[in-house]
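Below you'll find the structure, written out as structure tokens, and then a few comments.
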Amino acid sequence: AKYYGVPVVLHSDHCAKKLLPWFDGMLEADKEYFEKFGEPLFSSHMLDLSEEPDDENIAICVKYFKKMAPMKIWLEMEIGITGGEEDGVNNEDIDPEKLYTTPEQVYSVYDALSKIGPMFSIAAAFGNVHGVYKPGNVSLSPEKLLTHQEYTKKQINSPLERPIFLVMHGGSGSTEDEIKVAVKNGVIKMNIDTDTQWAYWDGTRQFVADNQAYLQGQIGNPEGEEKPNKKFYDPRVWIRKAEESMCARVGDSMAKLGSVGQYPRNEKSRGAQVGLEKKTLSPAALVSVGVVAGVLGSFTIGLVSKRR
């Protein structure tokens, strides 16, 4: 990030209850890094305890947020169920009614976490489904997110029109209009794992289709029987095509989310992104200090000797 002059968020996603020991390990790494550099190793962590009862979900989030807030680590949590299948959690046969989080559920999260700090977001379900499905099979209702905002605004008498930071899970396959409505109603992050997976593969697929005749052996292609094909089957070549395709897909989503051009590149950015980087003496400075200390020590000893 320091070379590109833009902020980069390192985020861990979808930590279920059974994976909390891993979460503990990441927080230990964050703490160690924070004590050394003044900023955390990870920018944000996500706890997905949506399968647990709401009270337990919120209580565990509160417990961890109290540890994260002093290190300026963002917490994303999920309340309500996202349909489909992701990371071994299968909700493909879930009751459709459970795919919509209520305003009361969202406010209960806000009420608990806002007492600790402001750096948190809520992934509230509004018909979201992991993966991509045939149009018409998924009923996404981003307009419901406005109801959450209005309810919490009223409860806390907030001057803000959108007092809650919301997250859109299952964004792959969403229409541009659905994304616009979600952003208008307070969504600050959208997950598009499935679409980026396809984009990565599509870059590889297109490269293979365009260069089929050069990928049948190490030697021999339409240009000659003895012509080498290394520059075609070299993983650095076709993986690069996959990466370029995925980058383009991410860029497309950034445009739809309205984030393009919102952060001007900082040519001077070379330090910590969060908090204050702890100042330490350079090795050269330490050597200089050592030399000065040695000279002063020798001078003091000389004076003492003369007095004796």
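The values are calculated or read from the model by the stated rules, or taken from the named source; none is laboratory data. It should be emphasised that the depicted structure is a prediction, and the values quoted were computed from it without experimental measurement. Positions of Cβ are generated from backbone atoms using ideal geometry, with glycine treated the same way; all protein chains shown enter the neighbour counts. Just the protein is used for accessible areas: all its heavy atoms, side chains included, with ligands, DNA and RNA removed. Shrake-Rupley method; radii C 1.70, N 1.55, O 1.52, S 1.80 Å.
Got a number for residues in the range 58-74 being in contact with a strand residue (DSSP E or B) (Cβ under 6 Å, 6 or more places away or on another chain) and of a type outside the set (A, V, I, L, M)?
Going through the range 58-74 one residue at a time, the tally reaches 3.
So, in the range 157-180, exactly how many residues are of a type outside the set (D, E, K, R) and in contact (Cβ under 8 Å) with a residue 40 or more places away in the chain?
12
Would it be correct to say that Ser269 is modelled with pLDDT of 55 or more, closer than 21 Å to Tyr4 by Cβ and polar (S, T, N, Q)?
Answer is no for this residue.
For the range 148-167, give me each residue that is within 26 Å of Asp13 (Cα to Cα) and either open to solvent by 60 Å² or more (accessible area, probe 1.4 Å) or modelled with pLDDT under 95 (or both).
Across the range 148-167, the qualifying residues are Arg162, Phe165.
Run down Asp30, Asp55 and say which single residue is surrounded by 17 or more Cβ atoms within 10 Å (Cβ to Cβ), among the charged types (D, E, K, R) and modelled with pLDDT of 95 or more.
Only one candidate qualifies: Asp30.
Looking at (1) at pLDDT 95 or above; (2) open to solvent by less than 50 Å² (accessible area, probe 1.4 Å); (3) of a type outside the set (Val, Ile, Thr), which is the one condition that is false for Phe126?
Going through (1) at pLDDT 95 or above; (2) open to solvent by less than 50 Å² (accessible area, probe 1.4 Å); (3) of a type outside the set (Val, Ile, Thr) one by one, Phe126 breaks only (1).
What are the residue pairs meeting all of these: first residue in the range 195-216, first residue of a type in the set (D, E, K, R), second residue assigned to a helix (DSSP H, G or I) and buried (at least 17 other Cβ atoms within 10 Å of the Cβ), Cβ atoms under 7 Å, and 6 or more apart or on different chains?
Filtered contacts from the range 195-216: Asp195/Arg249; Asp202/Ser245.
Scan the range 181-191 residue by residue and report those that are touching a residue at least 40 places away in the same chain (Cβ under 8 Å) and over 10 Å from Leu257 (Cβ atoms).
Within the range 181-191, Asn185, Gly186, Asn191 meet the criteria.
Can you name the residue in the range 73-123 that is part of a strand (DSSP E or B), at pLDDT 75 or above and farther than 22 Å from Lys144 by Cα and is also least open to solvent (accessible area, probe 1.4 Å) among such residues?
The selected residue is Leu75.
Taking interchain pairs and intrachain pairs at least six residues apart, which have beta carbon atoms under 6 angstrom, with the first residue in the range 115-127 and under 11 Å from Ile164 (Cα atoms) and among the hydroxyl-bearing types (Ser, Thr, Tyr) and the second open to solvent by 10 Å² or more (accessible area, probe 1.4 Å) and at pLDDT 95 or above?
Filtered contacts from the range 115-127: Ser121/Phe165.
Are any residues in the range 198-228 basic (Lys, Arg) and farther than 30 Å from Ser253 by Cβ, and if so, which ones?
Lys227
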